[in-house]
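Here the structure is laid out as structure tokens; the discussion comes afterwards.
The values are calculated or read from the model by the stated rules, or taken from the named source; none is laboratory data. Given the structure is predicted, the values throughout are model-derived calculations rather than measurements. In this analysis, Cβ positions are derived from the backbone assuming ideal geometry, glycine residues included, and neighbour counts consider all displayed protein chains. For the accessible areas, the whole protein counts, side chains as well, though only heavy atoms, and no ligand, DNA or RNA atoms are used. Shrake-Rupley method; radii C 1.70, N 1.55, O 1.52, S 1.80 Å.
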Amino acid sequence: MGMPDFFRNHGIGAWIFLGVTDVAMGFIVLAFGLLLKKRVDAIHFESVSKLLNESYGSKLASIVYLIGIFIFLLPYVSIQIRGIAVFLSEVIPGSLDVWIWAIAIMLAMLIYSSIGGLKAIMYSDAVQGIVLLVVTWIVSIYCLNQLGGVEALIKSVQTSNSELLSTPGPKGLFSFQFLLASFLTILLMPISQPQLTNRIAFLKSGKDLKVMSVAVAIFSLLIILPTIVLGLYGAVKYPSLGTPEYLGNILVNEQIAVVGAIAIVGLIAAAMSTADSQLFALGTELKSNLNIKQSKQDPVIKLTIVLFAILAFALALNSTNELVLLARVSFAGTALIAPLVFFAIITKEHLGPEIPLITLLTLVLFLLANLGLLSSNFLGIRIDLTLLAFVTIASFSSYIVRRFVNQ
């Protein structure tokens, strides 16, 4: 939902952020996946947290990891709640208020996550992905026909707002630093986001990994290309409308009834599936860190998931409709965890507490920066880029020094 509006507001530079990085991520899925499969084949893999406990010889690393994913998966789940809530309040005449829709969606997500599992998530991902892919292309072809084709679309955008056709865009978002930081944080998602890492780890063979990496790149290409059309079409026809009104018009009001209905169902299914994968991953990681009786684990995990959902709901009500930028906060936050996970995977030797402590420091600093309590720049460099460079260099230095000492 956020991608078309992102192109509408910021222009074709969004392709570098979304298209190039998502396709490039397919290469990281393969390269990182080969390392991960080699590591997990040698151990009994249960979760990333369990792997961290074994690699670092204590629970410190997994606790830092849990803190990071708990805090920075919140924005990712909150955009699912807000996106669908504002969309439904717009497309259903005489509908409920946004906050009521948000409560209903949050409750539905909790129920859905409590009865599903990893295999159910994968199947629902496949179904909703195909549905959204088909609907997005149908709507984009309709939009192109309305304006007379690709060339006519570009000319219309050139006339209405030529800054949309170049970087940094009309709002100056796509600076070099923004694009570089975004490229790196999205590339690291297979390492830093547990719902992706666990899926790679549980693949049956290297052949499945190769298929998955290629499929990630192809699907990203196919789903993002038509959103360029939807965004530029919106920039020409609905430049001043708010996000819900704009999406409601192009996805539902302008379409035949069956296409609009499928779009609504597909978006709801996508939001539910995405949120479910986050909640399931969080529960899996939490379970690996509970030193209590089996009978007491489920209530603790469920209570934590409910707390997480309530916080995501609160964030959804108090956030903007810039869904992509809110998701980017999630990617940038979890990216800081990537060195912690990566070095645990590439070595069988025990790592020290330096990397978890460095990671915790960067997570705290990034959180403070996003809360407005710390500058968003350091010596003219974006704080997310600065912190990612710092945690990577410091973690690598710790790894090299310990290997040298051990030898």
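Working only within region 374-398, note down all residues that are assigned to a helix (DSSP H, G or I) and open to solvent by 70 Å² or more (accessible area, probe 1.4 Å). Passing the criteria: Phe390, Ile393, Phe396. Look at region 165-194: where a residue is at negative phi and a partner is part of a helix (DSSP H, G or I) and among the charged types (D, E, K, R), sitting 6+ places away or on another chain with Cβ atoms under 6 Å, you get Pro170/Glu163; Ala181/Asp384; Pro194/Glu285.
In summary, Lys210 fulfils each of the numbered conditions (1) closer than 30 Å to Ile12 by Cβ; (2) at pLDDT 90 or above; (3) assigned to a helix (DSSP H, G or I) with the single exception of condition (1).
Of the residues Ala24, Ala120, Ala61, which is modelled with pLDDT of 90 or more, of a type outside the set (Ser, Thr, Tyr) and within 20 Å of the chain's Cα centre (by Cα)? Full working, then the answer.
Working: Ala120 fails: modelled with pLDDT of 90 or more; Ala61 fails: within 20 Å of the chain's Cα centre (by Cα).
Among Ala24, Ala120, Ala61, only Ala24 is modelled with pLDDT of 90 or more, of a type outside the set (Ser, Thr, Tyr) and within 20 Å of the chain's Cα centre (by Cα).
Go through the residues of region 16-33 one by one and say whether even a single one is open to solvent by less than 50 Å² (accessible area, probe 1.4 Å) and either touching a strand residue (DSSP E or B) at 6+ places or on another chain (Cβ under 9 Å) or over 28 Å from Ser175 (Cα atoms) (or both). Scanning region 16-33, I find at least one residue that is open to solvent by less than 50 Å² (accessible area, probe 1.4 Å) and either touching a strand residue (DSSP E or B) at 6+ places or on another chain (Cβ under 9 Å) or over 28 Å from Ser175 (Cα atoms) (or both), so the answer is yes.
Restricted to region 211-235, and to residues there that are more than 15 Å from Leu196 (Cα to Cα) and touching a Leu at 6+ places or on another chain (Cβ under 7 Å), the residue that is surrounded by the fewest Cβ atoms within 10 Å (Cβ to Cβ) is Leu222.
For Thr362, the criteria (1) part of a helix (DSSP H, G or I); (2) free of Cβ contacts under 8 Å to residues at least 40 places away in the same chain; (3) open to solvent by 10 Å² or more (accessible area, probe 1.4 Å) hold in every case but one, which is (3). Taking the criterion of being under 20 Å from Lys287 (Cβ atoms), open to solvent by 20 Å² or more (accessible area, probe 1.4 Å) and assigned to a helix (DSSP H, G or I), the residues of region 40-76 that qualify are Lys50, Asn53, Glu54, Leu60, Ile63, Leu66, Ile67, Phe70, Ile71, Leu74. The set of residues in region 310-326 being of a type in the set (Val, Ile, Thr) and surrounded by fewer than 17 Cβ atoms within 10 Å (Cβ to Cβ) consists of Ile310, Thr320.
For region 256-279, taking the residues that are under 15 Å from Ser78 (Cα atoms) and β-branched (Val, Ile, Thr), the one that is least open to solvent (accessible area, probe 1.4 Å) is identified as Thr274. Of all residues in region 138-177, those satisfying the criterion of being closer than 15 Å to Trp15 by Cβ and among the β-branched types (Val, Ile, Thr) are Val150, Ile154, Val157, Thr167. Leu247 meets the conditions (1) open to solvent by 30 Å² or more (accessible area, probe 1.4 Å); (2) part of a helix (DSSP H, G or I); (3) at pLDDT below 90 in every case but one. The failed one is (1).
Restricting the search to helices (runs of 4 or more DSSP H) fully inside region 105-198 and requiring at least 2 residues that are out of contact with any Leu (no Cβ under 6 Å at 6 or more places or on another chain) and of a type in the set (D, E, K, R) gives 118-147, 150-161.
Quick grid of which residues meet (1) of a type in the set (A, V, I, L, M, F, W, C); (2) modelled with pLDDT of 90 or more; (3) open to solvent by less than 40 Å² (accessible area, probe 1.4 Å):
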| residue | (1), (2), (3) |
| --- | --- |
| Ser78 | no, yes, yes |
| Glu90 | no, no, no |
| Leu110 | yes, no, yes |
| Ala126 | yes, no, no |
| Gly129 | no, no, yes |
| Ala181 | yes, yes, yes |
| Ile186 | yes, yes, yes |
| Met189 | yes, yes, yes |
